[in-house]
Amino acid sequence: MICHKCGGKLEEVIADLPFRVGHNSIIIIKELPILQCQNCDEYLIEDPVMEKVDRKLSKIDETAELEVFSYAS
Ligand SMILES: [Zn+2]
């Protein structure tokens, strides 16, 4: 896979990423498998991973300001 921004090589890495849910809620998902560009700060989340993230986020209590959970759990 190639970075659409700079043409650099995307490499699979495990990262902790924040997601915004609702107005003031931030959900941090740990141990998320993403494709990170080796050349710039661009990254890509593959569709099956994003679907699982969406399912997790839909169950989150939006009144919580900050939640942290693991992708694998
Ligand atoms: Zn790049």
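List of remarks:
- Under the condition of being over 8 Å from the mean Cα position of the chain (by Cα) and either of a type in the set (Ser, Thr, Tyr) or exposed (fewer than 15 other Cβ atoms within 10 Å of the Cβ) (or both), the residues counted in region 16-27 number 6.
- If the condition is being outside any helix (DSSP H, G or I) and either free of Cβ contacts under 8 Å to residues at least 24 places away in the same chain or exposed (fewer than 12 other Cβ atoms within 10 Å of the Cβ) (or both), then region 46-73 contributes Glu46, Lys59, Asp61, Thr63, Glu65, Leu66, Val68, Ala72, Ser73.
- Any hit, region 6-27, residues being modelled with pLDDT under 95, of a type in the set (A, V, I, L, M, F, W, C) and in contact with a Pro (Cβ under 9 Å, 6 or more places away or on another chain): yes
- Tally of residues being within 13 Å of the chain's Cα centre (by Cα) and closer than 12 Å to Val21 by Cα across region 41-73: 4
- Top-ranked residue in region 4-37 [being small (Gly, Ala, Ser) and assigned to a strand (DSSP E or B); ranked as nearest to Tyr71 (Cα to Cα)]: Ala15
- Residue check for Ile34: modelled with pLDDT of 95 or more, surrounded by 11 or more Cβ atoms within 10 Å (Cβ to Cβ), touching a helix residue (DSSP H, G or I) at 6+ places or on another chain (Cβ under 8 Å) and hydrophobic (A, V, I, L, M, F, W, C): yes
The values are calculated or read from the model by the stated rules, or taken from the named source; none is laboratory data. From a predicted model like this one, the values you see are computed outputs, not experimental measurements. Positions of Cβ are generated from backbone atoms using ideal geometry, with glycine treated the same way; all protein chains shown enter the neighbour counts.
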